[in-house]
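Asks: Here you go, one structure.
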Amino acid sequence: IPFIVARKNKKSKKKHGCFFWLFILGLLGFVAVCVIYGLWAQTFNIKDVEHMTERSAVYDMDGKVYSPLKGGENRVIVSLDDVSPNFINALLAREDTRFYHHDGIDPIGIARAIVRNVIHLHLREGASTLTQQLARNSFPLGGKTLNRKLLEAFVALRIERNYSKKQILEFYVNRIYFGPGFYGVEEASQSYFNKHAKNLTLGEAAMLAGLIRGPTKFSPFKNLKGAYAQRDTVLDRMVELKMITAKQADDAKAAKIAITKPRPPAQDTYAMDMVVKDLYLVLTDEQIDEGGLKIYTTIDPALQKAAQTATDAELRKVEQRPGYAHPKKSDFTKEMRDAGQDTPYLQGAAIVVDNRTGGIRAIVGGRDYQDSNYDRALLASRQVGSTFKPFVYATAFAHGLSPSTPVDDSRIRPGEIRGAPANWSPANSDDTYGAFMPAEEGLIQSRNTMSVRIGNIAGISAVQQTADAVGLGKIPSVPSIYIGSFDATLRDLTTAYTILANEGTHHQTYIIERVDDSDGNVLYRAPHITAGTAGLTPQICDTVTAVMEKVLDHGTAAAAHSLGFNKIAAGKTGTTNDYKDAWFVGYTKSLTCGVWVGLDQPETIMPHGYGSALALPIWVDVMDAAPPQRYPATALPVAGGQMTQGPSKAPEPEGLFRTLRKFFGGQ
């Protein structure tokens, strides 16, 4: 018996010793895990929990959202006070009922999840707290592994030590993903229900809370039935927790939820391209990358759409004309686009500027941004042709020429023009020639011979100075500039015309009005740079305007009336040699619009492809789309300060041109 007792005691001691060492090993393992994962959790910058990027938004001229900016997460950050209590309660019921009773890890929740998963023999319920979810959504913790779960737990403990429950909840509701592409409760609420998060009803709040575990699977846009089922599950849980009554739940289930149409994604357009490019000129990369910017622009969405539509629609008509020989837009396939091929079809560009400010209301750089994002309105420098003639005449008027002074319309005689090659003899587009006519007819009918003679009298140097003053740069010192034998962009040329519309005042054109950061601080405001243009006095500009009104009345742009245009306007057609470029630039009291048509690789568009035939119809469509309530097309100012539709008699000039007029018997 003593032997047996001794043997039993020996076994008991051995067994107790095993348990002791197992306990020690377990304790050491636990300490090692705590040390390793605790130190690992310390390597993360806990302040990153607070940092959430917002997608910047672009606003139109009326302060309405025009388009989100590409880049960053589609999120609008709000304070917890701006979130409906309905959503807070639904969230806690769904994701973490013991949120206010744990320190980041919930042992009771873990135990409950284990029991339920064992009962159902599969992973039915997780045990992550809101704080743990916040941790894995804030830091790169790895995939769905035990290693990540342990690290997540220790990071959650750090978050709880550094922030209050209210702060943690605010970070969570702003960071969590609600799909598709919606981050944070405010963005989700506006995108799904077209309302702010503070106005969510009980049913809407429950639906959003139900999306968190399957934001793509249960998106109301794709699976409305599933979204309703999730809503009902959340409402039942809220009743179980006595957050709401059964009647409130039933009422919420019975209420129909109005789901809005998905909002359009960030636009890929020439206007947005210009906004982005200019944004990088006025802000630093860091400011832009931070996101959350409110970018207020001068874009008029209606005019922008009208300009894009008109450019493509009118050029489609050109492509259908008999004998049109170039590739058509309809022939440009998706395979060609995907291969990055240049567009071989007829292109066009348009830009609309508000004369009163210089703000760009619309910009179209081509017929289809998806086919080609090359912005021909800003970047393509093409020969301007006859669209430069108004500035030649303005220079001459500034030196004393009167619109009524007779000017010879006969052929240019070799050697007649100073500085030109001896055999240079530019022709009129219709190859007809006449005798002396009033100077203004040279501009109204775009007579090359008259325009060259007028430029010759004004002088190359004076014309160059005018071109430079209106923003067309240093043009060549050759007589052919009188008929536009130099290159310029559509933006620069259109801006130059606004100076005539503004009686000599030069407004710098721009598209970004103001940029605010996410806190409402103004980071940039358009300087609204204006300057007078030397030599182009109000009287000179009004005289040119009076003549260019007649261009649309009975001159080269008279076709505007047959196209239905009846607003008071002034403008000028332009056609370059061999019909490679077609232009029309014109203005009303409020707006100046420039249009260019041509092929990217310059070649003849078509026989008799004048600006009046190719560019003018686009201009008419765009300007007709401008509502007179917003853009009054009242009488333009003309010489003498009058405001009449037709030109008034020009004042008596001085100097050389008075002598010429007396010689020719002009009045």
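Asks: Pairs only if they're at least six apart or on different chains, beta carbon under 9 angstrom, first in region 611-631 and polar (S, T, N, Q), second in a helix (DSSP H, G or I); list them, first residue then second.
Replies: Ser612/Ala559; Ser612/Ala560
Asks: If the Cβ limit is 9 Å and pairs must be 6+ apart or interchain, which residue in region 349-366 that is under 16 Å from Leu616 (Cα atoms) pairs with which residue that is among the charged types (D, E, K, R) and in a strand (DSSP E or B)?
Replies: Ile351/Arg361; Val352/Arg361
Asks: Is it the case that region 222-235 has a residue that's buried (at least 23 other Cβ atoms within 10 Å of the Cβ), hydrophobic (A, V, I, L, M, F, W, C) and over 24 Å from Asn137 (Cα atoms)?
Replies: Yes, region 222-235 contains a residue that is buried (at least 23 other Cβ atoms within 10 Å of the Cβ), hydrophobic (A, V, I, L, M, F, W, C) and over 24 Å from Asn137 (Cα atoms).
Asks: Do you know which residues across region 533-555 are at pLDDT 95 or above and among the small types (Gly, Ala, Ser)?
Replies: Those that are at pLDDT 95 or above and among the small types (Gly, Ala, Ser): Ala546, Gly555.
Asks: Out of everything in region 468-482 that is in a loop (DSSP other than H, G, I, E, B) and not charged (D, E, K, R), what residue ends up being most open to solvent (accessible area, probe 1.4 Å)?
Replies: The selected residue is Ser477.
Asks: How many of the residues making up region 391-423 are in contact with a helix residue (DSSP H, G or I) (Cβ under 7 Å, 6 or more places away or on another chain) and under 16 Å from Ile481 (Cβ atoms)?
Replies: Adding up the residues that qualify gives 11.
Asks: Go through region 197-238 and give me each residue that's of a type in the set (Ser, Thr, Tyr) and modelled with pLDDT of 95 or more.
Replies: Narrowing region 197-238 to residues of a type in the set (Ser, Thr, Tyr): 201, 216, 219, 228, 233.
Those that are of a type in the set (Ser, Thr, Tyr) and modelled with pLDDT of 95 or more: Thr201, Tyr228, Thr233.
Asks: So, one more: Filter region 395-419 down to the residues that are at negative phi and within 46 Å of the chain's Cα centre (by Cα) and list them by number. Even if it seems obvious, please write down each step before you answer.
Replies: Just the residues of region 395-419 that are at negative phi, to begin with: 395-399, 401-414, 416-418.
Selection gives Thr395, Ala396, Phe397, Ala398, His399, Leu401, Ser402, Pro403.
Asks: Separate question: Failed condition for Gln601, given (1) open to solvent by less than 50 Å² (accessible area, probe 1.4 Å); (2) polar (S, T, N, Q); (3) not in a helix (DSSP H, G or I), with all others met?
Replies: (1)
Asks: Here's a follow-up. Among the residues of region 439-451, are any of a type outside the set (D, E, K, R) and at pLDDT below 95? Write out each step before concluding.
Replies: First, pick out the residues of region 439-451 that are of a type outside the set (D, E, K, R): 439, 442-446, 448-451.
Filter once more, so that each one left must be at pLDDT below 95: none.
No, every residue in region 439-451 fails to be of a type outside the set (D, E, K, R) and at pLDDT below 95.
Asks: Looking only at region 255-279, filter to residues that are at pLDDT 95 or above and not β-branched (Val, Ile, Thr); which one of those is surrounded by the most Cβ atoms within 10 Å (Cβ to Cβ)?
Replies: Ala271
Asks: Let me ask something else. The conditions are (1) in a loop (DSSP other than H, G, I, E, B); (2) without any contact (Cβ under 8 Å) to a residue 40 or more places away in the chain, and Ala188 fails exactly one of them. Which is it?
Replies: It fails just one condition, (1).
Asks: Could you say which residue among Ile483, Ile457, Ile475 is more than 30 Å from Pro301 (Cα to Cα) and at pLDDT below 95?
Replies: Exactly one of Ile483, Ile457, Ile475 is more than 30 Å from Pro301 (Cα to Cα) and at pLDDT below 95, namely Ile457.
Asks: In region 209-266, which residues are aromatic (Phe, Trp, Tyr) and either closer than 17 Å to Ala90 by Cα or assigned to a helix (DSSP H, G or I) (or both)?
Replies: Of the residues in region 209-266, the ones aromatic (Phe, Trp, Tyr) are 218, 221, 228.
Passing the criteria: Phe218, Tyr228.
Asks: Out of all the residues in region 64-88, which are in contact with a helix residue (DSSP H, G or I) (Cβ under 8 Å, 6 or more places away or on another chain), under 27 Å from Met272 (Cα atoms) and of a type in the set (A, V, I, L, M, F, W, C)?
Replies: Hits for region 64-88 are Leu69, Val76, Ile77, Val78.
Asks: Right, next: Is it the case that Asp581 is open to solvent by less than 30 Å² (accessible area, probe 1.4 Å) and among the charged types (D, E, K, R)? Show your work before the answer.
Replies: Details: open to solvent by less than 30 Å² (accessible area, probe 1.4 Å): yes; among the charged types (D, E, K, R): yes.
Yes: the conditions hold for Asp581.
Asks: So, in region 296-328, exactly how many residues are β-branched (Val, Ile, Thr), open to solvent by less than 70 Å² (accessible area, probe 1.4 Å), touching an Asp or Glu at 6+ places or on another chain (Cβ under 9 Å) and in a helix (DSSP H, G or I)? Even if it seems obvious, please write down each step before you answer.
Replies: Taking region 296-328 first, the residues β-branched (Val, Ile, Thr) are 297-299, 309, 311, 318.
Now narrow it down to the ones that are open to solvent by less than 70 Å² (accessible area, probe 1.4 Å): 297-299, 311, 318.
From the residues that got through so far, the ones that are touching an Asp or Glu at 6+ places or on another chain (Cβ under 9 Å) too are 297-299, 311.
With in a helix (DSSP H, G or I) added as a condition, the list becomes 311.
Count: 1.
Asks: Quick check on region 645-663. Is at least one of its residues open to solvent by less than 60 Å² (accessible area, probe 1.4 Å), at pLDDT 60 or above and either under 15 Å from Gly586 (Cα atoms) or of a type in the set (Ser, Thr, Tyr) (or both)?
Replies: no
Asks: Are there any pairs, at least 6 apart or on different chains, whose C-beta atoms fall under 6 Å, with the first in region 432-451 and of a type in the set (Asp, Glu) and the second modelled with pLDDT of 95 or more, and if so, which?
Replies: Pairs found: Glu440/Pro403; Glu440/Val547.
Asks: Test Gly72 against the criterion of being at pLDDT below 90, in contact with a Ser or Thr (Cβ under 6 Å, 6 or more places away or on another chain) and either closer than 30 Å to Asp289 by Cα or open to solvent by 70 Å² or more (accessible area, probe 1.4 Å) (or both), and give yes or no. Walk me through it before giving the result.
Replies: On the way: at pLDDT below 90: yes; in contact with a Ser or Thr (Cβ under 6 Å, 6 or more places away or on another chain): yes; either closer than 30 Å to Asp289 by Cα or open to solvent by 70 Å² or more (accessible area, probe 1.4 Å) (or both): yes.
Yes: the conditions hold for Gly72.
Asks: Name the single residue, out of those in region 518-545 being of a type in the set (Gly, Ala, Ser) and closer than 17 Å to Asn355 by Cα, that is least open to solvent (accessible area, probe 1.4 Å). Even if it seems obvious, please write down each step before you answer.
Replies: Taking region 518-545 and keeping what is of a type in the set (Gly, Ala, Ser), we get 518, 520, 526, 531-532, 534-535.
Now narrow it down to the ones that are closer than 17 Å to Asn355 by Cα: 526, 531-532.
Values: Ala526: 8, Ala531: 50, Gly532: 69 Å².
Of everything passing the filter in region 518-545, Ala526 is least open to solvent (accessible area, probe 1.4 Å).
Asks: Say whether the condition of being in contact with a His (Cβ under 7 Å, 6 or more places away or on another chain), open to solvent by less than 10 Å² (accessible area, probe 1.4 Å) and of a type outside the set (Phe, Trp, Tyr) is met by at least one residue in region 507-517.
Replies: no
Asks: Please verify whether Ala439 is under 49 Å from the mean Cα position of the chain (by Cα) and surrounded by 16 or more Cβ atoms within 10 Å (Cβ to Cβ), treating the condition exactly as stated. Let's see the steps before the verdict.
Replies: Values: under 49 Å from the mean Cα position of the chain (by Cα): yes; surrounded by 16 or more Cβ atoms within 10 Å (Cβ to Cβ): yes.
The answer is yes for Ala439.
Asks: Restricting attention to region 147-177, which residues are more than 42 Å from the chain's Cα centre (by Cα) and either closer than 23 Å to Leu211 by Cα or basic (Lys, Arg) (or both)?
Replies: Once the filter is applied, which keeps residues that are more than 42 Å from the chain's Cα centre (by Cα) and either closer than 23 Å to Leu211 by Cα or basic (Lys, Arg) (or both), region 147-177 yields Lys149, Arg161.
Asks: Restricting the first residue to region 334-345 and requiring it to be touching a residue at least 24 places away in the same chain (Cβ under 8 Å) and polar (S, T, N, Q), which pairs with a second residue that is assigned to a loop (DSSP other than H, G, I, E, B) and open to solvent by less than 100 Å² (accessible area, probe 1.4 Å) meet a Cβ separation below 6 Å and a spacing of at least six or different chains?
Replies: Thr343/Asp371; Thr343/Ser372
Condition check ((1) in contact (Cβ under 8 Å) with a residue 12 or more places away in the chain; (2) touching a Ser or Thr at 6+ places or on another chain (Cβ under 9 Å); (3) among the aliphatic types (A, V, I, L, M)) across all residues:
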site	(1), (2), (3)
Ala526	yes, yes, yes
Gly532	yes, yes, no
Thr537	yes, no, no
Leu552	yes, no, yes
Ala557	yes, yes, yes
Ala560	yes, yes, yes
Gly564	yes, no, no
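Asks: Scanning for something more than 27 Å from Arg161 (Cβ to Cβ), in contact with a strand residue (DSSP E or B) (Cβ under 9 Å, 6 or more places away or on another chain) and either of a type in the set (A, V, I, L, M, F, W, C) or modelled with pLDDT under 70 (or both), does region 45-59 turn up at least one residue?
Replies: Checking region 45-59: at least one residue is more than 27 Å from Arg161 (Cβ to Cβ), in contact with a strand residue (DSSP E or B) (Cβ under 9 Å, 6 or more places away or on another chain) and either of a type in the set (A, V, I, L, M, F, W, C) or modelled with pLDDT under 70 (or both).
The values are calculated or read from the model by the stated rules, or taken from the named source; none is laboratory data. What you are looking at is a predicted structure, and each value in this text was computed from that prediction instead of being measured. Note that each Cβ is placed from the backbone with ideal geometry, even for glycine, and that neighbours are counted across all protein chains shown. Accessible surface areas use protein heavy atoms only, side chains included; no ligands, DNA or RNA. Shrake-Rupley method; radii C 1.70, N 1.55, O 1.52, S 1.80 Å.
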